[in-house]
Amino acid sequence: MYPFVRMIKEMVKFAKAEPLPVDGVHISHHRCWPWDIDLWRELNNGRTLTMYDLGRIPLAGRTGLSRTLIKNRWGLTMAGASVRYRKRIRTFARFEMRSRLVGWDDKFFYVEQSMWLGEDCANQIIYRSAVTDRSGIVSTDRVRTAIGHAGPAPALPEWVQAWIAADATRPWPPEM
């Protein structure tokens, strides 16, 4: 089940938090509860993706994106993701989540998130996200203008560019 109570808690907790610039880092703290685990008593890989919502949604709020989405009746969708797992998050472990926008191209925003156990990174994900309206994808330039960001796009990290290039070679629809 989706963690609605946790999401409401995060939204209330950060509702009056200091605004972030579009490239700011949102930091939040969470705990791995028994309902988050798999058979090996660690954070389930699917639940990890759901937990990342708890960082991404407040990030959108603190950067002004949430208000812009509501005002323009736009939606937000995920168009791809790549995750790397390196350390187990066990039951009852407290961890830190870091969420940030690393850049954009003409259609997509790229959000990096990571979960940390002290100084050790447990996992990291890069998301490709798009803002949508009834006609489809809204250009990133239009979205940035709407939130009041006029600066240039930061150079996407090399590893993000490599992921974008690799994903472009993937057949779609998948071969049967």
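Every condition in (1) within 26 Å of residue 162 (Cα to Cα); (2) basic (Lys, Arg); (3) not in a helix (DSSP H, G or I) holds for residue 56 except the one numbered (3). When 125, 164 are checked against the criterion of being touching a helix residue (DSSP H, G or I) at 6+ places or on another chain (Cβ under 9 Å), surrounded by 13 or more Cβ atoms within 10 Å (Cβ to Cβ) and over 16 Å from residue 24 (Cα atoms), a single residue qualifies: 125.
Inside region 66-102, residues that are in contact with a strand residue (DSSP E or B) (Cβ under 8 Å, 6 or more places away or on another chain) and under 24 Å from residue 15 (Cα atoms) make up a count of 17. The strands (runs of 3 or more DSSP E) found entirely in region 105-176 that carry 2 or more residues being among the polar types (S, T, N, Q) and within 19 Å of the chain's Cα centre (by Cα) are 109-117, 120-133. Taken over region 128-150, residues that are under 15 Å from residue 63 (Cβ atoms) and either crowded, with 17+ Cβ neighbours inside 10 Å or touching a residue at least 60 places away in the same chain (Cβ under 8 Å) (or both) amount to 9. Cβ-Cβ contacts under 8 Å between residues 6 or more apart (or on different chains), taken from a first residue in region 71-85 that is under 22 Å from residue 123 (Cβ atoms) to a second residue that is of a type in the set (Lys, Arg) and surrounded by 13 or more Cβ atoms within 10 Å (Cβ to Cβ), are listed as 78/128; 79/128; 80/128; 81/128. Here 20, 76, 39 are screened, and the one residue that is outside any helix (DSSP H, G or I) and surrounded by fewer than 12 Cβ atoms within 10 Å (Cβ to Cβ) is 39. If you check residue 100 against the conditions, is it out of contact with any Cys (no Cβ under 9 Å at 6 or more places or on another chain), part of a loop (DSSP other than H, G, I, E, B) and closer than 25 Å to residue 51 by Cα? Here the answer is no, as residue 100 does not meet what is asked. In region 155-175, is there at least one residue being of a type in the set (A, V, I, L, M, F, W, C), closer than 19 Å to residue 68 by Cβ and in contact with a Phe, Trp or Tyr (Cβ under 7 Å, 6 or more places away or on another chain)? Checked region 155-175: no residue is of a type in the set (A, V, I, L, M, F, W, C), closer than 19 Å to residue 68 by Cβ and in contact with a Phe, Trp or Tyr (Cβ under 7 Å, 6 or more places away or on another chain). Could you check region 79-107 and list, in sequence order, the residues that are among the hydrophobic types (A, V, I, L, M, F, W, C) and either in contact with a helix residue (DSSP H, G or I) (Cβ under 6 Å, 6 or more places away or on another chain) or surrounded by fewer than 20 Cβ atoms within 10 Å (Cβ to Cβ) (or both)? Matches in region 79-107: 79, 81, 83, 92, 93, 97, 102, 104. Which of (1) of a type in the set (A, V, I, L, M, F, W, C); (2) loosely packed, with under 15 Cβ neighbours inside 10 Å; (3) over 26 Å from residue 47 (Cα atoms) is the odd one out, the single condition residue 159 does not satisfy? Failed condition: (3).
Values quoted throughout were computed directly from the atomic coordinates according to the rules given, and no laboratory measurement underlies them. Bear in mind that the values here come from a model prediction, so they are computed numbers and not experimental data. Glycine also receives a Cβ, built like all others from the backbone with ideal geometry; neighbour counts cover every protein chain displayed.
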